[in-house]
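Down below is the structure, laid out as structure tokens.
The values are calculated or read from the model by the stated rules, or taken from the named source; none is laboratory data. The structure displayed is predicted, hence computed values, not measured ones. Glycine also receives a Cβ, built like all others from the backbone with ideal geometry; neighbour counts cover every protein chain displayed. For the accessible areas, the whole protein counts, side chains as well, though only heavy atoms, and no ligand, DNA or RNA atoms are used. Shrake-Rupley method; radii C 1.70, N 1.55, O 1.52, S 1.80 Å.
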Amino acid sequence: MSAPSELNQQACALYQRVLQTLVDADARFLVGGAYAFAVHTGIERHTRDLDLFMQRSDFDAISGLLRRAGWEVELTYPHWLGKVHAQGQTIDLIFNSGNGLTPVDDDWFRHAAHAEVLGVPVRLMPIEEMICSKAFVMERERYDGADVAHLLRTGAARIDWHRLLQRFGPHWRVLLSHLVLYGFVYPSERAQVPAWVPELLIERLRAELCQPAASSGPICQGTLLSRQQYLDDIQRLGYVDGRAVSGGTMTRDEIAAWTAAINDPAAQAPADPPARPSAAPQG
């Protein structure tokens, strides 16, 4: 691993201070993003920021704690995300997903992994929730399918498959699609996925194919995968936005605000990721 630049050192120092501040205050949060991914898969890569997950009910308390410590905090998108701004760096405070499908709940904490991130002992988001969160990221400029494949390859024996199926719920087709791709990417590792899981999902698929189509009108659930690539279906072709009817937590106003942010440069990920993760699992 190459030595961090001065900018990287500043970012890591900031992240360390934030983590230690939260741990010292016994705040209820989980570390996700590249740091958790490194622990779950062994893959270290440059990270654009620090992702902290929490329940929505804890967001205000954690925001207040960080503000009192001297950092600027905003509730950027009320349906899923806030941000900490300090020294030109950004830390994400996440309590849902952009599509509104994966709110953080008590189960995330019950099944959290433990590790040291930047020397601070913390809890990490569970592998099942990481898979579920990443499985729905299929934007034109970002596709997390490779991350899902790596999580499946390294974590298949640790995954609670019943929990994972429960997390996907009625959107099990998305999980099935990733399992099919996993078998393509790693043909020699297909047996790592318990046979009963794809068999169950394929049986569900077969049963649906034998049923008449629902008559509730045209719905496009593509917006649960990409906030941009299916707008034509919603705006021009008259499909109902799947985020509004598929068990999500987004209101019409929140959908509109998240769509409007597509062309907002401030809402885009930085092009030059500044830091490389340093996370060590604890026994």
Relative to the first principal axis of the alpha-carbon coordinates of the chain, what is the inclination of helix 56-68, with its axis defined by its Cα atoms, in degrees from 0 to 90 and to the nearest 10?
-> 20 degrees
Taking the Cα centre of the chain as origin, sum charge times position over the Cβ atoms of Lys and Arg (+1) and Asp and Glu (-1), and report the length of that vector in debye to the nearest 20.
-> 360 debye
Where nothing but the Cβ of Lys and Arg (+1) and of Asp and Glu (-1) is charged, how large is the charge dipole of region 1-127 around its Cα centre, in debye to the nearest 20?
-> 60 debye
Rounded to the nearest 10 Å², what accessible area does residue 250 show when all protein chains are kept and the probe is 1.4 Å?
-> 20 Å²
Compute the Cα gyration tensor for region 99-256, then decide on rounded, prolate or oblate, letting a ≥ b ≥ c be the square roots of its eigenvalues: rounded whenever a/c is under 1.5, prolate when a/b is larger than b/c in the other cases, and oblate in all that remain.
-> oblate
For the chain, longest principal axis from Cα atoms; helix 6-24 axis from its Cα atoms; angle between them, nearest 10 degrees, is 80 degrees
How big is the accessible area of residue 143 in square angstrom, nearest 10, if you roll a 1.4 angstrom probe over the protein chains?
-> 110 Å²
Using a Gaussian network for the chain with springs between C-alpha atoms less than 10 Å apart, which of these wobbles most: 222, 119, 100?
-> 119
At 1.4 Å probe size, with no ligands or nucleic acids counted, give the accessible surface of residue 144 in Å², nearest ten.
-> 10 Å²
Hey, if you put +1 on the Cβ of every Lys and Arg and -1 on every Asp and Glu Cβ in the chain, which of 77, 33, 66 ends up farthest toward the positive end of that dipole?
-> 33
Is the chain rounded, prolate or oblate when judged by the Cα gyration tensor, a ≥ b ≥ c being the square roots of its eigenvalues, rounded requiring a/c under 1.5 and prolate requiring a/b larger than b/c?
-> oblate
Per-residue ellipticity at 222 nm for the chain, helices alone: DSSP H runs ≥ 4 residues times -39500 (n - 2.57), over residue total, nearest 500 deg cm²/dmol?
-> -12000 deg cm²/dmol
